[in-house]
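Notes to accompany the following structure.
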Amino acid sequence: MVEQGEFRQDLFYRLNVIHLSPIPLRERPEDISLLAQHFLQKFSAENGKEMIELDASTLAALESYSWPGNVRELANAIERAVIMSTGFIMFPDDLPEHLLQRHSTENSTQRNSDPIHTSEQGQSLKESMKAYERELICVALANNQGNRVQTARVLGISRRALMYKLQEYNIE
């Protein structure tokens, strides 16, 4: 830029005291877990949510992504997931779609042959978790005589999150 006359040479030398060349996030995957935990704490507090934990498969998805936007992209992805999350555990489905495309293609053949990812009834883990969550909500509603505010408190979620789940699972 100095050679093209777009930047003053004296200003360049004044600002160029220390040359920093940060290592891209894709070259230091061991930092992703620490950064993700930091951003989880930060954005959970900012959004008035209790601390959300990372599911192991979510962490694997984060670590397998190349992060062209570096730490800022990771922070944005975690913030979005915290805002969209309705529970205490962040699952891969809470992450932006583009993060999951590479992870899901790498693991699709492995997941199809892995007995851990299917239940005895042939349901996927996701389907089993949804069925369990639906049953848990129904039992909590019955125990609280249909009081939604108390049910949400017992389940440890916001009333709004409970209302969303009731609509999602078509529970009256």
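Just so it is clear, none of the values below were taken in a lab; they were calculated from the coordinates. The structure displayed is predicted, hence computed values, not measured ones. Neighbour counts are summed over all protein chains in view; Cβ atoms, including those assigned to glycine, are modelled from backbone coordinates with ideal geometry.
Among 57, 44, sorting on how many other beta-carbon atoms sit within 10 Å of each Cβ, with the fewest leading, yields 57, 44. The fraction of all Cα pairs in the chain landing in successive 10 Å bins from 0 to the largest distance is 8, 27, 27, 19, 9, 5, 4, 1, given as whole percents. Rounded to the nearest 10 degrees, the inclination of helix 159-168 to the longest alpha-carbon principal axis of the chain is 70 degrees. Placing unit charges on each Cβ (+1 for Lys and Arg, -1 for Asp and Glu) gives the chain a dipole about its Cα centre, and among 57, 18, 142 the Cα reaching farthest toward its positive end belongs to 142. Among the GluC sites (Glu not before Pro) in the range 1-87, those placed in a DSSP loop whose Cβ has at most 14 other Cβ atoms within 10 Å are 3, 6, 50. Annotation: the residues 25, 125, sorted from fewest to most other C-beta atoms within 10 Å of their own C-beta, follow the order 125, 25. Taking a straight line from the alpha carbon of residue 49, these lysines sit under 22 Å away, with near neighbours fewer than eight places off in the same chain left out: 130, 165.
In loop segments of the range 1-67 as defined by DSSP, the trypsin sites (Lys or Arg not before Pro) with at most 14 further C-beta atoms inside 10 Å of their C-beta are 8.
Rounded to the nearest 500, the 222 nm mean residue ellipticity of the chain from helices alone is -18500 deg cm²/dmol, with -39,500 (n - 2.57) taken per DSSP H run of at least 4 residues.
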